[in-house]
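The values are calculated or read from the model by the stated rules, or taken from the named source; none is laboratory data. Values in this document were obtained by computation on a predicted structure and should not be read as measured data. In this analysis, Cβ positions are derived from the backbone assuming ideal geometry, glycine residues included, and neighbour counts consider all displayed protein chains. Accessible surface is based on the protein model in full, side chains and every heavy atom, while ligands, DNA and RNA are left aside. Shrake-Rupley method; radii C 1.70, N 1.55, O 1.52, S 1.80 Å.
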Amino acid sequence: MKISRFKKLHKTVTFFATNFQYREPYQVLVDATFCQAALQNKVIIEEQLKKYFHATIKLVTTQCIILEAESLGANLAGATMIVKKFCVHKCGHEGVPVSASQCIKSMAHAGRYIVASQDRALQTSLRKVPGRCLLYLHKSTPVLEEPSEASKKYVLKKSQNLLTNDIEKRIEHLKQEEGIQEEHLEKIQRKRKGTKNPNPLSCKRSKKPKDHTQNLHVSKRHLALNESSKTPTKSKRKRIKIPAHVKAALKSTQ
Ligand SMILES: [Zn+2]
C-alpha cells in the first residue's frame, strides 16, 4: 500500500476511533454485495482487509443478510457461500427477517460496525447518519471511505458544545474563585479596619496624658482661681488692729 493511502486510512480510522469509539478488533459488517464484488475481483476478503487495516478485524454478518442472499438464488450462490462463513451477529430480526440494507442500518445504529457493502443506496443512506463508517471495494482494492459530512458536522458541533461548556465551566470556576477572593478581601478589609480603628482603650490612654496635662493645667488654674477666689472668703484672717496707744503702752512695758 502506498504511504499516502495508508495515511488516509489511518486518519479515517483515528477519526472514528476518537469520535465514535471504534476499537480493535474492528468489526466489519459484510453483506452479499461486498462478497460478490470480492469474488468477481478475486479478493480473499479476510486476507485483504487485514493487510489493508494493519489491525485486527472481525468479519461479521447477520441472519437477514444471509437469508436475502439465499433468496436471490444461483446468481449469488458464490457470495452466499462466502458470507455464511462469517460470524453471525444477532440483529433482533430473528423470526421476522428484514431486507439486508434495513438490517444493516439497524445494526450500524446499534453497534460500531464498519459496513462493507457495494450497495449504493445503502451507502447514501448511511452517509447521512453521523458515525457510520463505510468500506467498499474499488476493483480489487478495499477503500475505507472518509468520514461523511454528517459525521464531520456532528463532531464539529460536539467539540463546539464541549468548548462552550468548558468556557462556561471556567467562567463559573473563576466566578467562584472571585467570590472566594472577594470574601477573603472583605475579611482582610474588616481585619484592616479593625486594626485601623483606634482601640477605645488605647485611645483613652493615648489621649489621657495630653488631657491629663491639660487637665493639670486646668486644675492648677482652677485651683489657683479657686484659691484666689477662696482666699478672700475662706482664709479671711481677721486682722486685729491694735491701736497705736496700746502698741506704745506695750512697748513701754517691755
Ligand atoms: Zn436483521
### Task
Summarise the accessible area of segment 32-111 (1.4 Å probe, protein heavy atoms) by the percent that is carbon and sulfur.
55
### Query
What's the extension gain from Val88 to Gln40 if we count 0.36 nm per residue and subtract their Cα-Cα distance?
15.0 nm
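Excluding ligands, DNA and RNA, what is the solvent-accessible area per residue of segment 1-53 at a probe of 1.4 Å, expressed in Å²?
Result: 61 Å² of accessible area for each residue.
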#### Entry: Gain upon complete extension [Lys50, Lys241; 0.36 nm per residue less C-alpha separation]
53.9 nm
### Query
Taking the Cα centre of segment 3-147 as the origin and placing charges on Cβ (Lys, Arg +1; Asp, Glu -1), which of Ala55, Ala110, Gly78 is farthest toward the positive end of the dipole?
Ala55
### Message
So for each of 8-17, 52-61 I average, over its residues, the number of other beta carbons within 10 Å; can you give me the resulting order with the highest mean first?
### Response
52-61, 8-17
### Query
Say each of Ser140 and Lys8 gets a label point 7 Å from the Cα, pointing the same way as Cα to Cβ; how far apart are those two points in nm?
1.9
### Task
Would you mind checking Lys51/Lys128; Lys90/Lys152; Lys42/Lys84; Lys42/Lys90; Lys7/Lys50; Lys42/Lys152 for any pair whose Cα atoms are more than 24 angstrom apart?
Lys51/Lys128; Lys90/Lys152; Lys42/Lys90; Lys42/Lys152
### Task
Give me the number: length gained by fully extending Lys169 to Thr124, i.e. 0.36 nm times residue separation minus the C-alpha to C-alpha distance, one decimal in nm.
12.3 nm
